[in-house]
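Student: Got a structure for you, written out below as structure tokens; questions coming shortly.
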Amino acid sequence: MQVTRELFDEVMAPNYNPAAMIPVKGQGSRVWDQNGDEYVDFAGGIAVNSLGHCHPALVAALKEQSEKLWHLSNVFTNEPALRLAKKITDATFAERVYFANSGAEANEAALKLARRWALDHYGEEKSQIIAFKQGFHGRTFFTVTVGGQAAYSDGFGPKPGNVDHAIYNDLESVKALISDNTCAVMMEPLQGEGGIISPTKEFVQGVKALCEQHNALLIFDEVQSGVGRTGELYAYMGLGVTPDILSTAKALGGGFPIGAMLTRADIAASLKVGTHGSTYGGNPLACAVAETVFDIVNDRALLDGVKQKAELFRAELNAINEKYNVFSEIRGEGLLIGCALNEKYEGRSRDFLNASTDMKLMSLVAGANVVRFAPSLIIPEEDIKEGMARFEKAVAKVVQG
Ligand SMILES: *Cc1c(COP(=O)(O)O)cnc(C)c1O
């Protein structure tokens, strides 16, 4: 069968508009399309391919598990899931783990747990969820409602209720909403989709203090910021604030779908048998791959490497900006990097992405004003330099019109 981009429009639901080229192979931070053209990958499958494409250790883990056991359901437990949960609890604040298949599902579990915990301990009144404008938590109806972009949640009928949005990095806006009827505050400890916005330490610490004052749970959505992305295993570790619940996905599977919700034992107690579940959650294939990712990423040398590579990215981006003057700011943490466009190029991040693709570089945007990079955490220096040479050509193309 001839597989072409045209076929997409004939057989796929039209909710995506993928690039014209179709990738067929990846190795490390390089990807090849159907024509054999080679791309440098600064997108990392949207912060998912934490160890690049087809990392030998992940391929080996998947092959090994694929010859043992694929699926059981949660009527049975399995060794990879228990090993991964043990490693996660040893390395983080968490004492209990719930496995899901995606970031949205991990967040859905976090939100349902917060509501049930509040009901168990305080009663029906305590159901308010506070989240933030521009926040992103996934596309299920609950998570998209908690997310801070009405454009994503409007048009689907009545929404889950008692969800309010404060302003990120504005503690007063949280104070104005929070009360003893707040059951949880959900936030990204580094806003990703919303434009790569870092919180100030004072803000995060202030939110934590408000949660403690009102017996509300603090939920960190680390679906994008977690598993080494910021140069810490989880971003909360660099902020000096420990959440009550944390969601992780994306980089955790390195390309194999998995999500997890982490929490303390006293909170997890509200997820009694039968309260929540998932057919595939804790799937042995997913957990075997994620265990290998976790072993490799939970290593100080690798995490320090993320910070070093981030320095190189910034140096190269600053040099490009000195020449072409297109960015007002280069921001983010570790290898989650946002280049905010200056006034002259406002609203044109897509043009930069398209020009990059033309120059054989895979990149991302975070809204209309930010070009985003979320490459492999182990991208080699030469790939960073080659990708940046291509990005410079892309920038020149946009600047020259
Ligand atoms: C990507 C993302 C999600 C959603 O994850 P899915 O796996 O697409 O469901 C949730 N929260 C954040 C912060 C994300 O970046």
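Student: Net charge within 11 Å of residue 44 by Cβ-Cβ distance, Lys/Arg positive one each and Asp/Glu negative one each, not counting residue 44 itself?
Tutor: Once all neighbours under 11 Å are counted, the net charge is +2.
Student: Given the options 242, 357, 275, state which has the largest fluctuation in a GNM of the chain using a 10 Å cut-off (strictly under) for Cα springs.
Tutor: Looking only at 242, 357, 275, the largest GNM fluctuation is found for 275.
Student: Could you work out [θ]222 nm for the chain from helices alone, using -39500 (n - 2.57) per DSSP H run of at least four and dividing by all its residues? Round to the nearest 500 deg cm²/dmol. Please list the in-between numbers first.
Tutor: On the way: 15 runs with 158 residues, N = 401.
My calculation for the chain gives -12000 deg cm²/dmol from helical runs alone.
Student: Now for a different question. Which residue fluctuates most in the GNM of the chain (Cα springs below 10 Å): 131, 19, 166?
Tutor: 19
Student: Report the label-to-label distance for residue 307 and residue 121 in nanometres (one decimal), using points 7 Å from each Cα along the Cα→Cβ vector.
Tutor: Going from the residue 307 label point to the residue 121 one covers 3.4 nm.
Student: Then there is this: State to the nearest 20 debye the size of the charge dipole of the chain about its Cα centre, where the only charges are +1 on K and R beta carbons and -1 on D and E beta carbons.
Tutor: Working: 38 positive and 49 negative charges, 36 e Å.
Once rounded to the nearest 20, the dipole reads 180 debye.
Student: Of the candidates 94, 110, 13, which one comes out as most mobile in a Gaussian network treatment of the chain with C-alpha springs shorter than 10 Å?
Tutor: The residue with the greatest mean-square fluctuation here is 13.
Student: Would you please put 207-218, 48-59 in order of how densely packed they are, using the mean number of other Cβ atoms within 10 angstrom per residue and starting with the highest?
Tutor: Taking the mean over residues of other Cβ atoms within 10 Å, the ranking is 48-59, 207-218.
Student: Taking θ = phi - 60°, what integer Hz values does the Karplus form 6.51 cos²θ - 1.76 cosθ + 1.60 yield along segment 376-383, in sequence order, with x for Gly and Pro?
Tutor: Once rounded to whole Hz, the list reads 3, 5, 10, 4, x, 4, 5, 6.
Student: Do any of 250/360; 63/250; 133/208; 87/272; 133/309 go past 26 Å between their Cα atoms, and which?
Tutor: Violating the 26 Å limit, Cα to Cα: 133/309.
Student: Let me ask something else about it. Taking a quarter of the surface of the Cα convex hull of the chain, what do you get in nm²?
Tutor: 20.5 nm²
Student: Moving on to the next point. Which ³J(HN,Hα) values, rounded to whole Hz and listed in residue order, are derived for segment 276-284 from phi using the Karplus coefficients 6.51, -1.76 and 1.60 in 6.51 cos²θ - 1.76 cosθ + 1.60 with θ = phi - 60°, glycine and proline given as x?
Tutor: Ordered by residue, 3J(HN,Hα) equals 7, x, 7, 4, 9, x, x, 3, x Hz.
Student: Rounded, prolate or oblate: pick one for segment 39-168, where a ≥ b ≥ c are the square roots of the eigenvalues of its C-alpha gyration tensor, a/c under 1.5 means rounded, and failing that, prolate if a/b is larger than b/c, else oblate. Could you put the intermediate results ahead of the total?
Tutor: Values: a/c = 2.33, a/b = 1.46, b/c = 1.59.
Since a/c reaches 1.5 but b/c is at least a/b, the shape of segment 39-168 is classed as oblate.
Student: Helix 79-91 versus the longest principal axis of the chain: what angle, 0 to 90°, nearest 10, using Cα atoms?
Tutor: In the chain, helix 79-91 runs at an angle near 90 degrees to the longest axis.
Student: While we're here: Roughly how many whole Å is it from the C-alpha centroid of segment 186-201 to that of segment 90-120?
Tutor: That distance is 20 Å.
Just so you know, all these numbers are worked out from the coordinates, no wet-lab data involved. It should be emphasised that the depicted structure is a prediction, and the values quoted were computed from it without experimental measurement. Here Cβ is always computed from backbone atoms with ideal geometry, including for glycine, and neighbour counts include all displayed protein chains.
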